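These notes concern the structure reproduced below.
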Amino acid sequence: MLVESWAAKLDREVLQVARLLVSEVISLSIRSQDHAGTRSDVEVSLKLNPWRMRIEVMREAARFVFPSADAESADLSLSLVDELADRWGMSRTGNGTVCWLEINC
């Protein structure tokens, strides 16, 4: 897993939170694609400095879309991100949408 390559540089708790949140945000992106009826690549990037880890999940679509049948699980995933990440958000780029989060190290 992407986060594993950084494991030696991270506190164990930070690593566990990062693993969980990477999994949740990638899952959101994939579920969003399935329901939007489009397929696109999902790109994950990880930036680490001594005080913060930043994770970005980008997909080539205008937004993350969830039908009402999946809204509850999407809300639960975003609640988890909101609770565990120190900062997070979504932003549009020229190529799609990025869900980003930051965890203080």
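The values are calculated or read from the model by the stated rules, or taken from the named source; none is laboratory data. This is a predicted model, so every value here is computed, not measured. No Cβ is skipped: glycine too gets one built from the backbone with ideal geometry, and neighbour counts run over all protein chains shown.
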Given the criteria surrounded by fewer than 17 Cβ atoms within 10 Å (Cβ to Cβ), outside any helix (DSSP H, G or I), at pLDDT below 80 and within 14 Å of the chain's Cα centre (by Cα), does R63 qualify? yes
Condition check for E13: over 16 Å from the mean Cα position of the chain (by Cα), in a helix (DSSP H, G or I) and at pLDDT 85 or above: yes
Listed by first then second residue, the pairs whose first member lies in region 83-104 and is surrounded by fewer than 16 Cβ atoms within 10 Å (Cβ to Cβ), whose partner is at pLDDT below 90 and in a loop (DSSP other than H, G, I, E, B), with beta carbons under 6 Å and at least 6 positions apart or on separate chains, are N95/E60
Could you please give the count of residues in region 20-60 that are part of a helix (DSSP H, G or I) and at pLDDT below 90? 13
